[in-house]
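These notes are about the structure you will find just below.
The values are calculated or read from the model by the stated rules, or taken from the named source; none is laboratory data. Bear in mind the structure is a predicted one, so any value in this text is a computation, not a measurement. All Cβ positions, glycine included, derive from the backbone under ideal geometry; neighbour counts span all protein chains shown.
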Amino acid sequence: MTKKIKVFCIPFAGGSEYSFFEFKKRCPGSLEIVPVALPGRGGRIKEDRIEDAYALRDDVYRTIKNAITGDYIIYGHSMGGILAALVSEKLQQNGDRMPLSLFISGCDSIANNITNKKRYLLSDPDFIDMLTEMGGSPKEILENKELLDFFLPILRSDFKAIDLYIHDTFEALNLDIDVLIGTEDKVSAEEAMDWQKITKGQVTVKQFPGDHFFIYGILDEMLNMIEQKVLLSAQ
């Protein structure tokens with residue numbers, strides 16, 4: 001039996017390892033979905049949340065490094081895309097086995113992240129309005145008060161990590177990056193192509209109908225894209 005290729009999936013802001021339930025359910029046979037658990041939510045709910053992008057990177061790095069058993073892919077959506085790039089840089093710097101490629105969705109290039117935002121400091125109503133406008137959280141959360149009370153602190157912590165991250169020095173990756181964006185999302189094709197600024201590999205941008213969470217509407221297609229990438233890499 002051919003060994004499956006692991007796909008490490010890094011959550012978006014407010015997400016957890018449970019955000020990838022459908023990924024595991026619909027995964028092609030050649031892939032193994034490995035959701036990355038972050039502190040302060042999901043199975044690690046009792047742990048303190050991390051509000052610094054580099055500290056989050058280190059946490060995800062340890063998780064992935066300890067689970068590498070062969071060829072693998074790293075996938076991240078939104079905040080997960082930022083972490084995917086930062087973790088890949090650390091893997092490369094430390095001489096670890098690198099992923100075959102990166103898949104990033106719903107995320108502007110970290111090369112464009114040069115300003116200090118303060119979205120995490122907004123009042124609850126303004127913060128919720130911002131999430132609603134950007135399509136930054138699933139509707140089932142935004143429209144349920146109990147879920148909002150639970151997720152708002154997690155979302156604020158994640159936005160703090162994103163908002164206070166400022167792109168500075170970065171060791172160019174030797175990886176191909178596939179970037180997927182939604183037609184109704186805030187990320188433009190030009191911004192997505194700027195991922196080329198942080199890698200020597202090839203960057204491919206594809207746009208699909210939908211808002212920030214367009215990925216759940218194209219999940220089968222996206223998983224097939226990852227599988228095809230794996231098959232091409234093996235040739």
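Key figures
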item	result
Residue match in the stretch 204-211 (condition: out of contact with any Leu (no Cβ under 9 Å at 6 or more places or on another chain), closer than 30 Å to GLY95 by Cα and outside any helix (DSSP H, G or I))	yes
Residue in the stretch 16-32 that is modelled with pLDDT under 95, touching a Phe, Trp or Tyr at 6+ places or on another chain (Cβ under 9 Å), on the phi > 0 side of the Ramachandran plot and not aliphatic (A, V, I, L, M) present	no
LEU31 vs. criteria more than 14 Å from the chain's Cα centre (by Cα), buried (at least 20 other Cβ atoms within 10 Å of the Cβ) and either under 25 Å from GLU191 (Cα atoms) or not charged (D, E, K, R) (or both)	yes
Close pairs from the stretch 14-27: first over 21 Å from PHE159 (Cβ atoms), partner part of a helix (DSSP H, G or I) and not hydrophobic (A, V, I, L, M, F, W, C), Cβ under 8 Å, at least 6 apart	GLU22/TYR216; ARG26/ASP220
Single condition GLU184 does not satisfy, out of (1) within 16 Å of ALA84 (Cβ to Cβ); (2) part of a loop (DSSP other than H, G, I, E, B); (3) more than 16 Å from the chain's Cα centre (by Cα); (4) not aliphatic (A, V, I, L, M)	(1)
Number of positions in the stretch 163-220 that are among the charged types (D, E, K, R) and at positive phi	0
Hits in the stretch 174-185 - residues which are touching a residue at least 60 places away in the same chain (Cβ under 8 Å) and either surrounded by 21 or more Cβ atoms within 10 Å (Cβ to Cβ) or over 22 Å from TYR72 (Cα atoms) (or both)	LEU175, ILE177, ASP178, VAL179, LEU180, ILE181, GLY182, ASP185
Among (1) assigned to a helix (DSSP H, G or I); (2) closer than 27 Å to ALA55 by Cα; (3) modelled with pLDDT under 95; (4) under 19 Å from the mean Cα position of the chain (by Cα) - the single one GLN196 does not satisfy	(3)
Cβ pairs under 8 Å, 6+ apart, first in the stretch 189-202 and charged (D, E, K, R), second surrounded by 17 or more Cβ atoms within 10 Å (Cβ to Cβ) and part of a loop (DSSP other than H, G, I, E, B)	GLU191/ASP108; GLU191/SER109; ASP194/ASP108; ASP194/SER109; LYS197/SER109
Cβ pairs under 7 Å, 6+ apart, first in the stretch 92-120 and acidic (Asp, Glu), second assigned to a loop (DSSP other than H, G, I, E, B)	ASP108/VAL187
Options ALA37, ALA84, ALA13, ALA55; residue that is at pLDDT below 95, small (Gly, Ala, Ser) and within 16 Å of the chain's Cα centre (by Cα)	ALA13
Candidates LEU147, LEU91, LEU102, LEU152 - the one that is surrounded by 14 or more Cβ atoms within 10 Å (Cβ to Cβ), modelled with pLDDT of 95 or more and touching an Asp or Glu at 6+ places or on another chain (Cβ under 9 Å)	LEU102
Selection from the stretch 130-143 of residues that are surrounded by 13 or more Cβ atoms within 10 Å (Cβ to Cβ) and out of contact with any His (no Cβ under 9 Å at 6 or more places or on another chain)	MET130, LEU131, THR132, PRO138, ILE141, LEU142
Exclusive hit being in contact with a strand residue (DSSP E or B) (Cβ under 8 Å, 6 or more places away or on another chain) and within 17 Å of TYR165 (Cβ to Cβ), set ILE50, ILE10	ILE10
